[in-house]
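One structure below.
The values are calculated or read from the model by the stated rules, or taken from the named source; none is laboratory data. Every value quoted in this text rests on a predicted model; they were computed, and no experiment measured them. With ideal geometry, Cβ positions are generated from the backbone for all residues, glycine too; neighbour counts draw on all protein chains shown. These area figures cover heavy atoms from the full protein model, side chains too; ligands, DNA and RNA do not enter into them. Shrake-Rupley method; radii C 1.70, N 1.55, O 1.52, S 1.80 Å.
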Amino acid sequence: MSWRPNSTQRVVLTAYHASNNKAATTGSSAKDNGQVSPRSRKSGHYTMNHGNMNSALDKVAFNRSGSQDSLDELSLDDYWTEVENIKKSSDNTQEEQHVVVKEPDEGELEEEWLKEAGLSNLFGESSVDSQDSMVFLSTLTKTQSAAVQKRIDTFSQTLRKKNKHHQVPDVRDVFKQPASSKDKVEDLNGFQSTEKSEATSEEIHEKSDELVNETEGAENNDIPVPETDINLEISFAEQASNLREFPTVRNEKEDDSLLPNYRLPQDKTGITKIGDLAPQDMKKVTSLALIELTALYDVLGKDLKLQRAAKIKVKESGVFQVPLSTLLEQDQRKVPGTKVPLIFQNLIEQIEKGGLETEGVLRIPGVASRIKSLCTELEAKFYDGSFNWDTVKQHDAASLLKYFIRELPLPLLTVEYMKAFHSVQYLPSKKHRLQALNLLVILLPDVHRDSLKALLEFLQRVVDHREQNKMTLKNVAMIMAPNLFSLHTSPFKALDQVAVTSAARTASVMLFMIKYQKLLWTIPKFLVAQVRQQNQKKTSKERAMRRLLRRMAYDREKPEKAEKNADIDISPGFIRVQAPHFSKVSMAVQLTEDLKAGDILARFLNEESGTSRNLRKEEVSLYEIGGNIGERCLEDTTYMKDLSLLNPNAEWVIKPKPKE
């Protein structure tokens with residue numbers, strides 16, 4: 001028996017690479033473990049929309065040696081109940097809209113990949129003058145270079161077959177290290193080139209992942225949870241390539257019930273979060289992240305499946321079935337600076353208003369007829385401010401939130417990377433999956449990334465109240481997975497063992513994103529280091545010119561001003577911290593071994609306390625500007641002496657934080 005949900009405004013996606021069906025079932029047993037146990041009390045809340053559930057759902061054999069033992073029969077039952085609720089909520093709606101997507105021509109995938117990686121000027125008429133790309137390529141790691149070379153080779157071969165005269169450079173000469181520097185190459189953060197780096201510590205970390213006991217009681221606080229550091233200084237792909245061996249196929253019997261507590265080791269130059277960098281640097285990080293993700297998949301022997309959708313006509317106004325970018329654009333006209341669509345924020349606030357202690361806060365569906373009525377009313381009244389939120393019950397708000405997510409014409413995880421998010425579960429170890437998810441989050445467009453962050457933070461708050469609401473991490477992951485991995489992009493259409501395995505895999509990705517969300521919004525140090533290298537190589541001449549101009553301007557300053565600042569400019573071991581937005585324009589700060597960015601802010605706030613407006617620490621940040629970085633917001637624990645040595649030409653500026 002096959003199952004196909006009804007839906008509205010659907011987008012049919014076509015992957016560049018055909019999905020490998022064998023991979024979905026690798027390592028899974030074909031044995032039938034019998035009927036699913038009767039529904040437990042925990043899932044007995046589904047009385048409202050549960051009566052005529054398709055009997056095929058109950059006949060699926062849940063393989064206990066499947067993709068995730070800890071996602072047990074009860075959790076899978078939650079998943080399929082949510083699927084059935086979605087199916088019922090889609091009944092009597094508009095017919096499914098099919099969008100025909102043209103299959104990419106041979107070589108089109110590589111061309112699109114090169115464009116996304118910021119290397120489009122490696123081919124075509126501008127290839128000879130692609131100085132920026134040459135600088136970019138010269139900062140890549142060994143595995144990143146191999147990933148780029150592979151795509152260029154494939155693309156150039158395709159062009160030759162088509163008898164098109166494009167000049168595609170052989171970038172091997174760019175990647176080739178001079179003989180004097182082959183043995184040791186250091187980047188601006190001081191870590192060695194991964195051609196010579198040792199993997200001993202990484203092997204220990206990988207082995208610690210596999211030593212997790214396969215036990216029951218996934219969230220029993222009495223069971224010790226393994227802890228391990230996550231290395232952000234060395235390229236993920238290089239770490240994988242330096243391992244002597246790793247399983248080519250994920251261990252299907254491994255237990256995710258005791259997920260490691262990954263820690264970020266202390267970094268004296270500061271951890272960089274998404275949102276801390278200037279747009280021009282973030283664009284470079286995004287290009288590098290795509291190359292790094294591709295290199296990681298290449299090293300692990302997996303295909304990175306990217307997608308695209310044809311241009312479709314979408315709603316340009318309203319609340320539901322409107323692209324996130326369109327919603328944000330109209331919301332910013334009302335509330336400048338907002339990053340997450342207002343309807344998304346309001347639905348979350350309405351759920352929390354009812355109290356996250358409510359049992360089954362996300363599990364129990366609202367009444368279908370009432371949800372439909374609320375959708376119509378929100379479309380008509382939300383933006384004129386006349387909608388009465390007091391009439392929205394908590395479970396109705398939860399159903400509306402899930403409906404909003406799954407009915408986005410362009411998915412929250414985006415058309416381009418939906419398959420890639422799903423394929424994360426095919427990677428051989430937990431650490432590889434976490435690394436891939438980190439890179440995928442970086443690749444998301446701003447509004448999709450910010451909305452995903454708001455959702456995951458909300459889901460974590462739900463989990464934090466699990467003692468009262470009976471919504472464990474696994475329950476939340478199982479219920480949200482079919483909404484986030486929208487049914488129209490689901491890799492399965494029939495209820496068979498492949499469907500069960502795929503359900504468990506998407507739920508496992510959801511679980512990873514909730515549990516490790518703080519790590520996912522961290523930009524790996526090796527990517528920031530590569531950005532610093534690019535900026536330094538590109539701006540060396542520009543910096544010399546600016547230094548000359550500053551000296552000329554300084555010579556024209558009044559003698560008394562020069563004398564006033566002489567001790568700051570010439571005294572070693574000092575930096576000048578500027579605060580042009582506040583009454584205290586600048587101050588001299590002596591660098592010591594233990595001086596942190598938070599200490600400078602505390603001193604500044606203390607000296608500003610006499611002004612008419614008392615600032616709070618949450619309102620301002622210290623920024624690193626110029627030198628080998630565009631602009632970077634510093635965390636309070638950053639050691640200033642170490643950072644000043646890393647970027648000696650930077651300026652240090654205290655500015656107001658941007659509004660969330």
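Miscellaneous remarks
- Given (1) out of contact with any Ser or Thr (no Cβ under 7 Å at 6 or more places or on another chain); (2) touching a residue at least 12 places away in the same chain (Cβ under 8 Å); (3) more than 30 Å from Leu296 (Cα to Cα), number of the condition Phe421 does not satisfy: (3)
- Pairs are defined by a Cβ separation below 6 Å, a sequence spacing of at least 6 or placement on different chains, a first member in the stretch 329-348 that is touching a residue at least 60 places away in the same chain (Cβ under 8 Å), and a second member that is surrounded by 17 or more Cβ atoms within 10 Å (Cβ to Cβ) and in a loop (DSSP other than H, G, I, E, B); the pairs so defined are Ile343/Val319.
- Just one residue in the set Gln590, Gln534 is at pLDDT below 95 and under 34 Å from the mean Cα position of the chain (by Cα); that residue is Gln534.
- Complete set of residues in the stretch 504-539 that are open to solvent by less than 10 Å² (accessible area, probe 1.4 Å), in a helix (DSSP H, G or I) and under 21 Å from Ala454 (Cα atoms): Thr506, Ala507, Ser508, Val509, Met510, Leu511, Phe512, Met513, Ile514, Leu520
- Any hit, the stretch 117-131, residues being at pLDDT below 85, among the hydroxyl-bearing types (Ser, Thr, Tyr), open to solvent by 40 Å² or more (accessible area, probe 1.4 Å) and part of a helix (DSSP H, G or I): yes
- Considering only residues in the stretch 567-582 that are closer than 17 Å to Lys617 by Cβ and outside any strand (DSSP E or B), the one that is modelled with the highest pLDDT turns out to be Ala579.
- No other residue among Leu290, Leu296 is farther than 30 Å from Ile654 by Cβ, modelled with pLDDT of 95 or more, touching a Gly at 6+ places or on another chain (Cβ under 9 Å) and open to solvent by less than 10 Å² (accessible area, probe 1.4 Å) apart from Leu290.
- Residue satisfying all of: in the stretch 275-309; in contact with a strand residue (DSSP E or B) (Cβ under 6 Å, 6 or more places away or on another chain) and assigned to a loop (DSSP other than H, G, I, E, B); nearest to Leu440 (Cα to Cα) among these: Lys305
- Any hit, the stretch 135-147, residues being modelled with pLDDT of 80 or more and among the basic types (Lys, Arg): yes
- Among the helices (runs of 4 or more DSSP H) confined to the stretch 401-474, the ones with at least 3 residues that are open to solvent by 10 Å² or more (accessible area, probe 1.4 Å) and among the charged types (D, E, K, R) are located at 446-464.
- Selection status of Thr326, touching an Asp or Glu at 6+ places or on another chain (Cβ under 8 Å) and in a helix (DSSP H, G or I): yes
- Candidate set: the stretch 341-384, residues that are β-branched (Val, Ile, Thr), in a helix (DSSP H, G or I) and within 29 Å of Asp446 (Cα to Cα); chosen: the one most open to solvent (accessible area, probe 1.4 Å): Thr376
- If you filter the stretch 599-642 down to residues that are assigned to a loop (DSSP other than H, G, I, E, B), open to solvent by less than 60 Å² (accessible area, probe 1.4 Å) and at pLDDT 85 or above, you find that the one that is nearest to Pro265 (Cα to Cα) is Thr638.
- Of the residues Lys419, Lys402, Lys381, Lys372, the single one that is of a type in the set (Lys, Arg) and either modelled with pLDDT under 90 or touching a strand residue (DSSP E or B) at 6+ places or on another chain (Cβ under 8 Å) (or both) is Lys419.
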